[in-house]
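Working notes, beginning with the structure itself.
The values are calculated or read from the model by the stated rules, or taken from the named source; none is laboratory data. These numbers come from a predicted model, not from an experiment. We place every Cβ from the backbone using ideal geometry, glycine too, and count neighbours over all the protein chains shown. The accessibility values were calculated without ligands, DNA or RNA, using every heavy atom of the protein model including side chains. Shrake-Rupley method; radii C 1.70, N 1.55, O 1.52, S 1.80 Å.
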Amino acid sequence: MADQNTDAPARFDINAAVVFRLGEELITDEVQALVELVKNSYDADASWVKVTIDTGSTNRWGEKFGSARGVIVVEDDGDGMSRDVIEKGWLTIANSPKRDQKARGEPTRRGRTPIGDKGLGRLGVQRLASNVEIVTRPRDEKHEHYVAFSWRDFRDTASLGSVPVTFSTRTRKGESQGTKLILSDLRDPEAWQGERNVAKLQLSLSGMISPFQEVRDFVVHLELDGKRLELAEIAQRVRETALLRYVFEFDGTTFKITGKTRLDFLQPNAKEDRALLASLCRRDGGRALFEFLSTKAKRKRPPAFTRSRSAGWFVEFGVERQLDAIDKVKRVDGQVANPGPFRGEVDAVSLDRTDFHGHALDRYTDYRKLVRDLAGVRVYRDGFGVRVGDDWLGLGRQWTSATSYYGLKPGNVLGYVAISARDNAMLIETTSREGFQVTPHYENLYALLTEFVRFSGDIQEFLRRGTLDFLNEHKDRTADVEPTHSPGDITKRIEDVASTLGDKRKKLRGHVGRLRSVADNATSTLADVRKELGGKAEKDPGLERAISRLDVALSEVSAAATSAEALLEEVGLALSRASELSSLREVLDRRWESLQEELDAVFESVSLGLTAEALSHEIHNIADGLAKRSATVLRQLRDRDIRKATLITYIEHVRSAVAAMSKQLAHMTPSLKYLRERKEDIGLVPFLEELAAFHNERLEGKSVRVEVSGQADSALLRMNRGKLTQVFDNLILNADYWLREAIRTGHLEAGVISIVADGSIVRLADNGRGVDPAVELTLFDPFVTMKDKGQGRGLGLFVVQQLLDSEGCTALLLPERNSFGRRFAFELDLTGAVIE
């Protein structure tokens, strides 16, 4: 047997069939493959691209594969490809000159940053057709290049390098630059045929290529079997139907959100309320409503809130957020993971036929179909869609939650987020183009957009509920009920009215009785007079006529008296029912008192629940640490072969006890019954010092401490100790959370919570960033929070206020501001609980 040559160098190769598997896995469908080719035209600095699909004809555009049937032609006016670009780009799998260009930060001639950079998009072509022909005319060359190959050859060739490729350079047939890609022998012609498939193609391409005119700067033409297809566009005339519009922009540091709404968006659901609002706004153009929302509305009003100067719009509003101040912002190597500048717009439209006025599309059905087809907030990188899911921002979850009923609805929203390859290079798409890789930069992008979603829910609830409050105030004013009137005041008025009606009934009965007496007397007198004049009337016709008229008058007086008596009976019945209001008032008073007691119990239970939740968390941490230390000690004993039975038994007992305690904690609920201890005398400063000692022990090693100052002989309170503890616990726990966030994000090295007692006045402040301006006016309202979802309920400060109010005490956020320009200090007035 001949000796084998062992000196020949070994090398890697790849089977050509692998290319098919790559194409199938990396490109999900025909539309995605087509869009990747359109992206190539964009990267080539084309101002337009034309896609022609002919499912039945032979390849009249081709040369080598001219007899093949079913063709897709993608033609553009871009810069074309040189021989070097063809060889390194099209013919070298996974190689991408664009990737190198992006890495060097070099834009194209038009200033574009290439979108494609993986070098794999061209593999998707095999999903479309069997044959490929390329005719390209480079911008700076006098020749054109022709390339042709068949995907079938990949199946029959063992080595990728052995796949036959036709390549030629020839004299240009025209002066224009650009590239024509000819794909013939369609793999699935039926996918492009039929009314349903055509509609699906239009819709899919409209989602992948931005329908917003503001987002793209080159035109896509599409022709299918001789018929030109118009990609859906959300033109300005369609956007003018929006009832609500948001614009947001991130400049790399500050996230600015602005919005505006029409009066129609504020329409209540009830028909009577809609009519009332229309009537009130017709009188003054909505001035009274705006003044109410600006000054009297109790809900979460945005920092910027003004009357709109744009025609057709009612109010404008806005807010700003700093990326590094967002809760749980992600960092890389200690630096905030900045997703890069981006912008976007979101319109909320109505699908109600009554709101359609025909000014966007001629037919309501066309308008409704367009909105349904393109609904949602989509992401476009340089005008090309990134698939992120139908409701990737969770608008549906927000809207169906009890606290966000008035938020944006995914089916009624048209919007986009515009990013670019240049500014958002750290937002990396998955290899399959199905969304983004979940990286710290993407998570911070999502966190910013979550801020937008939360703001939209807050402002829309403020506007809609504020409008209802405005209507209710008008109704109260019409009923002569002041906002300061308590339920007791209203029931007292009811009792007064009932009493007045009772008195009026007695007086009316007296008047009717006198009327009946007068009528009876008049009838009797007139009868006597008639009898005396009866004989004379026969000789005097005029007297006869007078007596006849007198008879008629007597009948009318008698009938009037009878009617008055009947009316008196009806009025008496109504007044007797009205007198029942007095007893109803007593029932209402009792039920209100009972309800108030139940509400007080709820506030106390909620407060205790929050404290119990924090306590259970701390106990869990202690138990977890104890379990780990016990396991470490036991392991060290075994490693050193120490077998002292009593020691090992004790450690096992500790581990067992810890396991049992952890199990109990897992089942513990914060909904514990509030134990109402009797009130006791409490020295304010000693109480605060004891509280600070407890929290400082809890916060040991957390870079946060509590400091207390004040005179030892300060105010003496008569109060429930547990209730007072819960008030300060809620304030301290809230400050602790935000101080730790400031430390985590690098804004603070160590946190200090300062509590200063001056008589019965207590000032609590910290050295953190302070209260976000967006909530400083509504901080004590329920469900108001700037904490991340799942981190807070927005009830702590609300409960503080309710507990203090039950003792005749108050809490407020002082107006002074810190170095961050934010309010930061609370003042508690405990005078109501001071022992005189």
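Numbers below:
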read-out	value
Shape category assigned to the stretch 255-354 from the gyration tensor of Cα positions, a/c cut at 1.5	prolate
Extended-chain gain in nm, criterion 0.36 nm per residue less alpha-carbon gap, V247 and H143	32.7 nm
Cut-off under 5 Å, modelled amide H: who pairs with A129 long-range	R187
Linear extension gain, R60 paired with L160, 0.36 nm per residue minus alpha-carbon span	33.1 nm
Per-residue ³J(HN,Hα) for the stretch 67-80, Karplus 6.51 cos²θ - 1.76 cosθ + 1.60, θ = phi - 60°, Hz, x for Gly and Pro	8, 5, 9, x, 9, 10, 10, 10, 10, 9, 10, x, 7, x
Gain in span if fully extended, K256 to R822, counting 0.36 nm per residue against the direct Cα distance	202.0 nm
With every protein chain in place, the stretch 413-462: carbon and sulfur % of accessible area (1.4 Å)	54
Estimated distance in nm for a label pair at W48 and E836, the labels positioned 7 Å out from Cα along Cα-to-Cβ	9.0
P(r) histogram, all alpha-carbon pairs of the stretch 682-823 included - 5 Å bins from 0, percent	2, 9, 18, 23, 22, 16, 7, 2, 0
FRET efficiency, D520 to R545 (Cβ-Cβ, R0 22 Å, nearest 0.05)	0.30
Listed pairs K64/K200; K50/K227; K142/K227; K369/K409; K702/K723; K328/K702 exceeding 24 Å between Cα atoms	K64/K200; K142/K227; K702/K723
